[in-house]
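Have a look at the structure below, then the notes.
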Amino acid sequence: MVGGTVQGNPDTAVSTFAKIEEAGPDALTFLANPKYTHYIYETHAGIVLVSNDFAPEHPVSATLIRVADPYETLSRLMELVAQALTPVPTGIEQPSFIAEGVEVPEDAYIGAFAYIGQGARLGRGVKIHPQAYVGPGVTIGEGTIIYPGAKIYHGCRIGRNCIIHAGAVIGADGFGFAPTADGSYHKIPQIGIVEIADDVEIGANTTVDRATMGATRIARGVKLDNLIQAAHNTEIGADTVIAAQTGIAGSTKVGANCMIGGQVGFAGHIRVGDRVMIGAQSGIPGNLPDGSRVMGYPAVPERDFKRQSVYIKHLAELFDRVSKLEKK
Amino acid sequence: MVGGTVQGNPDTAVSTFAKIEEAGPDALTFLANPKYTHYIYETHAGIVLVSNDFAPEHPVSATLIRVADPYETLSRLMELVAQALTPVPTGIEQPSFIAEGVEVPEDAYIGAFAYIGQGARLGRGVKIHPQAYVGPGVTIGEGTIIYPGAKIYHGCRIGRNCIIHAGAVIGADGFGFAPTADGSYHKIPQIGIVEIADDVEIGANTTVDRATMGATRIARGVKLDNLIQAAHNTEIGADTVIAAQTGIAGSTKVGANCMIGGQVGFAGHIRVGDRVMIGAQSGIPGNLPDGSRVMGYPAVPERDFKRQSVYIKHLAELFDRVSKLEKK
Amino acid sequence: MVGGTVQGNPDTAVSTFAKIEEAGPDALTFLANPKYTHYIYETHAGIVLVSNDFAPEHPVSATLIRVADPYETLSRLMELVAQALTPVPTGIEQPSFIAEGVEVPEDAYIGAFAYIGQGARLGRGVKIHPQAYVGPGVTIGEGTIIYPGAKIYHGCRIGRNCIIHAGAVIGADGFGFAPTADGSYHKIPQIGIVEIADDVEIGANTTVDRATMGATRIARGVKLDNLIQAAHNTEIGADTVIAAQTGIAGSTKVGANCMIGGQVGFAGHIRVGDRVMIGAQSGIPGNLPDGSRVMGYPAVPERDFKRQSVYIKHLAELFDRVSKLEKK
């Protein structure tokens, strides 16, 4: 089933998953991160998935199954279990609100207190959980899951096989105001939309604002963690993953295949290339070329950031050394 | 209509808005930020709004309309379009929950699954979208829009012509706990409210906590972006704008006409003057006088921050230079 | 009633609470923070709670009541008032959704548009406010309050006497993805749960993700402010308080009795000891022993942080001094 080779008792049976440091004899676990290797000599796990090239340095009591990628194998096994365990709701719970003329595919789920606005289009197999809001004119692609209480404002488009978690808000007005002569602000109408492509996951309470004009665009395969802010007219490239609480200011474009840490802030109107890696809490004031690896506030190349931190730690000494030199 | 002067073909007709770099012949666009001037020589836009003093350095194919403030003019035009495009819901959708005795003005909108608690007062023309919560004793002023799923706890007061976006939470308990002898905490009751004046916009998933006693106050014209935290007993002065993910700790007062960047953090119990500008991700540990322009963690005058960043970049050299001096 | 001793007019009557700088003759206030001592000589308050050892240096017009802990006493008095003022809803409002077979205790409150999924278990006296979501198989302990629109995903467990504020999301999927050969990501099923112990308060729009396997654990007495992110498999020890907008990455364990400032970021897979104090906006890249007091990005001991900030302010001078030395 997993294409692995067994080392140890082939009859070992397990009934659950667990982390290696917590696993009992009824659990299957895995070893992927070398940081955790020491646990394998103490674990009570029944079975451990290990990589093909794992060479134990001490005796191991668990049965080992050697595979190419233990984490990926674990993930596949968990998926089978998850499919068996997770209730798959279908049908239309009452009361729900489905505007006149909206067609609900036979295999869709519409939870109680969900709202489907006029002119919304729902793909096959969509699951709109309780208390979710699908505004007028919204499109939701095949197989997409909208979790409880997520809100999709009017006119936005969500692709296929997306997951939008609870409390996420897609398509609220961009933050655009024009100053007036008396110091107050005049709201700039936000007449654009949000377009989310296929296979995107949006975390809980994350906000993606609609464009001032045109569209805020989240490309295929993007994964956004919780509490992220993507402002109006931002664009995020395919297969980019962004950790929690990061904020992207208006009109900034982030490339494809980037890995962005948590609590990062991007200035507006900048362009970040493909395959960029950014450390947590960094501040990105300007453009970054493809393949950059940066960190810090303001961000500098990762190596420089680490060096800077060391130098700053030794500043007290440096002031002393300069004082001594001056005395001489 | 816009009071401008036309340069080029006065018969050019357009049917949409677009950004200058994306506009086609059917689009009207604008040039306000000098950073984008180069686009005007390449744009395919039918019409470009430019400032009265714009002097092209190369030929421009688009029809130009010269106005005093292109962005402001665009904004007014967009508004006309937005008014024509955005569906204006009215009436009371079912099922909704309106506590006995609450009067709903004739021109109000109450969306499905909205909850209006006992003793709530609703101004003329309010729009309470689906799944919004208006707690007992809440007041909502004339013309205010509460977007889907926003929550207003009991007793809070929202002014006129405000916009509260989806998922915003107004009036949750302030974070107040008294330590007890055994190391656990005792909740301080939060018996105050939140008072939001007129013309305020509150972004999606932003939280404004109720006061411990008295009121947390958001003055007229304040604009808060998404995912902002305003703690108990904070006060924000008129026409101050704050970008996403900024946090203001308890009892801090921010003045009027300030511009605060994203992800800024304010310590508690401090006082920030009027017309203060704060760069993104700054940390504000203490009071700031009127007109301050600061940046950094902890924040320093903007000029100093930029200098510091440069000095820090050259620290490696400085250590080298001192080592050389020492050798001599 | 409060076990204090009166100094001044024992017949003074008050009808409200107020902050010392805002109090009128009808208000009771308190003095706990020495920073505010100067206000006591100017206050118009009718009564001021002061500490037993308070020795006025100038005349005070208010009646003083001396108690051991003025803030704690105030808190108790406010609680009495809060109990009298806050409407205590009971019963089941309609329409609400209660899955077949779920038992609702007699003294519980289920608000309109609340959703209680199949197999959920509700303790005595629970208050599930309007539009809240209690997923299939969720357990809610005695006396716990779930505020409007909070979402508890399937299978999670909430203890007794907890408060979950509006918009909080408990049990959304952890952010776990395995990279595939083509650069896209494969979702790791998140089959664990969230376990929240007794006496926990979770702020508005805070997110606590479910574990990949096992449980994300929030121990007894923890207080989380608004907009906090606690990722999958994190653990937070008893009586730890965390201010708004802090983020804790996956699998990190924070000890008991810690005080964590706002906008702090914790790296994943680290271990933070007990009684740790962390300044606002700090970045915590690695383990911290019991009793640490740190600050900064990356965090260093608090004392060092303050020194560093001073040295950095004087960097310009240092460069000058080195240049002068070099000229000599």
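With +1 on each Lys and Arg Cβ and -1 on each Asp and Glu Cβ, and nothing else charged, work out how big the dipole of the stretch C:91-302 is about its Cα centre, in Debye to the nearest 20.
300
Given points 7 Å out from each Cα along the Cα-Cβ axis, report the residue B:180 to residue A:323 separation in nanometres with one decimal.
Computed distance between label sites residue B:180 and residue A:323 equals 4.9 nm.
Hey, what's the Kirkwood Rh for the stretch C:76-141 if you take every pair of different alpha carbons, in angstrom?
When all Cα pairs of the stretch C:76-141 are included, the Kirkwood radius is 12.4 Å.
Stokes-Einstein at 25 °C, 0.890 mPa s, Kirkwood radius from Cα pairs: D for the stretch B:1-156 in µm² s⁻¹?
Details: Rh = 18.4 Å.
Using the Kirkwood radius from Cα pairs, D works out to 133 µm²/s.
7 Å along Cα→Cβ for the label point: how many nanometres lie between residue C:53 and each equivalent label in the other copies, listed shortest first?
6.6, 6.6
Is the stretch A:231-289 best put as rounded, prolate or oblate by its Cα gyration tensor, with a ≥ b ≥ c the root eigenvalues, rounded for a/c under 1.5, and otherwise prolate when a/b is larger than b/c, oblate when not?
rounded
Compute the projected area of the convex hull of the Cα atoms of the stretch A:92-305, averaged over all viewing directions, and report it in nm² to one decimal place.
On the way: hull surface 48.4 nm².
Seen from a random direction, the Cα hull of the stretch A:92-305 projects 12.1 nm² on average.
List the residues, sorted by chain then number, that are 5 or more residues from residue A:281 or on another chain and whose placed amide H is less than 5 Å from its amide H.
A:262, A:263, A:264
Less than 15 Å Cβ to Cβ from residue B:283, Lys/Arg counted +1 and Asp/Glu -1: what total charge do the surrounding residues give? Walk me through the numbers before you get to the answer.
Numbers: positive: C:306, C:313; negative: B:302, B:304, C:302.
My count for the surroundings of residue B:283 gives -1.
Direction-averaged shadow area of the convex hull around the Cα atoms of the protein assembly as shown, nm²?
46.6
Taking only complete DSSP H runs, can you tell me which helices of chain A stretch 15 Å or more along their own long axis by Cα positions and average at least 0.0 on the Kyte-Doolittle scale?
A:70-85
Report the Cα-based extents of the stretch A:132-195 along its three principal axes, largest first, to the nearest Å.
50, 19, 16
Output, in nm with one decimal and in ascending order, the distances from the residue A:100 label point to the matching label points of the other copies (7 Å from Cα along Cα-to-Cβ).
So the label point of residue A:100 gives 3.3, 3.3 nm to the other copies.
Could you tell me what % of all Cα pairs in the stretch C:5-85 have separations over 19 Å?
Percent of Cα pairs beyond 19 Å in the stretch C:5-85: 28.
Quick check of the Kirkwood formula: for the stretch C:35-81, what is the inverse mean of 1/r over all pairs of different Cα atoms, in Å?
Kirkwood hydrodynamic radius for the stretch C:35-81: 11.3 Å.
Summing Lys, Arg as +1 and Asp, Glu as -1, what charge do residues with Cβ under 15 Å from the Cβ of residue A:232 carry, residue A:232 excluded?
Working: positive: A:187, A:210, A:217, A:253, B:19, B:223; negative: A:173, A:195, A:209, A:235, B:22, B:201, B:225.
Local charge sum for residue A:232: -1.
Using modelled amide H (1.01 Å from N, peptide plane; none on Pro or chain starts), what sits under 5 Å from the amide H of residue C:211, excluding residues fewer than 5 places away?
Residues meeting the amide H criterion: C:192, C:193, C:194, C:216, C:233.
Counting helices only, and only those DSSP H runs with n ≥ 4, report the 222 nm mean residue ellipticity of chain B as the sum of -39,500 (n - 2.57) divided by its residues, in deg cm²/dmol to the nearest 500.
-4000 deg cm²/dmol
Counting pairs of alpha carbon atoms under 8 Å apart in space and at least six apart in sequence, what relative contact order in percent does the stretch A:92-305 give?
9
What is the projected area of the convex hull of the Cα atoms of the stretch B:196-328, averaged over all directions, in nm²?
9.1
Running a GNM on chain C with Cα contacts under 10 Å, which residue among C:183, C:296, C:101 ends up with the highest mean-square fluctuation?
Top of the fluctuation ranking is C:183.
Find every distance from the label point of residue B:15 to the corresponding label point in the other copies (7 Å from Cα along Cα→Cβ) and write them in nm, one decimal, shortest first.
6.7, 6.7
Would you tally the net charge around residue B:39, using a Cβ to Cβ cut-off of less than 10 Å, leaving residue B:39 out, and scoring K and R as +1, D and E as -1?
-1
For the stretch A:126-212, what relative contact order do you get, as a whole percent, if you take Cα pairs closer than 8 Å and at least 6 residues apart?
Details: 244 pairs, mean separation 24.3, N = 87.
Computed over the stretch A:126-212, the figure is 28 percent.
The numbers here are math on the coordinates, done by the rules we state, and not lab data. What you are looking at is a predicted structure, and each value in this text was computed from that prediction instead of being measured. A quick note on method: Cβ atoms are made from the backbone with ideal geometry, for glycine too, and the neighbour counts reach across all protein chains shown.
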